[in-house]
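Chemist: Here it is: the structure, laid out below.
Only the coordinates and a few stated rules stand behind these numbers; no lab work does. Owing to the predicted nature of the structure, the values given are computational and were not obtained by experimental measurement. All Cβ positions, even for glycine, are placed from backbone atoms using ideal geometry, and neighbour counts span all protein chains on display.
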Amino acid sequence: MEKDGQKEKAATGSVELDDKDRAILKLLQANAKITVREIAAQVHLSTTPVHERIRRLEETGVIRQYATLLDHSKVRKGLLAICYVSLKEHNKRSGAKFIKTINELPEIIECYIISGEFDFQLKVAVADMDAYYDFHVNKLGQVENIGHVQSTFVMGVVKQTHQLID
């Protein structure tokens, strides 16, 4: 039975986290520059087990990467757009080609495969409406297999977080 449980866990990709792991992750989410020593003091462990736990969380893919979050308006990316895209053809090859092309466009900062009327949701960051027009016509509009694109523009941000552990 234990083997079956392990197989199921591996199939879903989930990793068992205890309270100490969750506490470490919460601290790292709030400040990725926090030191192992500071984490250890806050979770009431010594530095060696904290370091080992962080290494295990990295190796198992729970921690995918460390990143610096930027204010888009302060780095000349003042316009955010959400684009909903539907494809003409729905097969593995054309979908993979679309995804490869999308990954090469630096204006697209997020891409989700979604259900419903559209196939993909893109988050696009550009300097202004002129830059968006250029992106839409000369880049996104030139991508093969696009059936329909609907764009909406972000008027303001109410909540934006990357924190999964609370």
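Chemist: Along the Cα-to-C-beta direction of GLN65, a point sits 7 Å from the Cα; which residues of the range 80-118 have their amide N less than 14 Å from that point?
Modeler: Answer for the range 80-118: 103-111.
Chemist: Let me ask something additional. Quick one: Karplus J couplings for the range 149-166, per residue in order, coefficients 6.51, -1.76, 1.60, θ = phi - 60°, nearest Hz, x for Gly and Pro?
Modeler: Result, ordered by residue: 10, 10, 10, 10, 10, 6, 8, x, 10, 8, 8, 8, 9, 10, 7, 9, 9, 10 Hz.
Chemist: Here is a follow-up. To the nearest 0.05, what FRET efficiency results for LYS74 and ARG22 with a Förster distance of 25 Å applied to their C-beta separation?
Modeler: The value I calculate is 0.20.
Chemist: Which value in Å does the Kirkwood hydrodynamic radius of the range 94-137 take, with 1/r averaged over all unlike C-alpha pairs and then inverted?
Modeler: It is 11.4 Å.
Chemist: Then there's this: Beyond 24 Å, what share of the Cα-Cα pairs of the chain remains, rounded to the nearest whole percent?
Modeler: Here the long-distance tail beyond 24 Å is 55 percent of all Cα pairs in the chain.
Chemist: Counting other Cβ atoms within 10 Å, keep those with at most 16, restrict to DSSP loop, and tell me which trypsin sites (Lys or Arg not before Pro) in the range 21-74 are left.
Modeler: LYS33, ARG64
Chemist: Sort 116-128, 39-51 by the packing proxy (mean of other Cβ within 10 Å over each peptide's residues), most packed first.
Modeler: Highest to lowest by the protection proxy: 116-128, 39-51.
Chemist: Against the longest principal axis of the chain, how steep is helix 129-138, in degrees 0 to 90 to the nearest 10, with axes from Cα atoms?
Modeler: Between the helix axis and the principal axis of the chain, the angle is about 80 degrees.
Chemist: For the range 25-101, what Kirkwood radius comes out of the mean inverse Cα-Cα distance, in Å?
Modeler: 16.5
Chemist: To continue, here is another question. Computed over the Cα atoms, what is the radius of gyration of the range 17-69 divided by 2.2 N^0.38 Å, N being its residue count?
Modeler: Relative to the rule-of-thumb radius for its length, the range 17-69 sits at 1.02.
Chemist: Same structure, new question: Given the peptides 142-150, 75-83, arrange them by the average over their residues of other C-beta atoms within 10 Å, most packed first.
Modeler: 75-83, 142-150
Chemist: Starting from the Kirkwood radius over alpha-carbon pairs of the range 72-153, derive D by Stokes-Einstein at 20 °C in a medium of 1.002 mPa s and give it in µm² s⁻¹.
Modeler: Translational D for this selection: 166 µm²/s.
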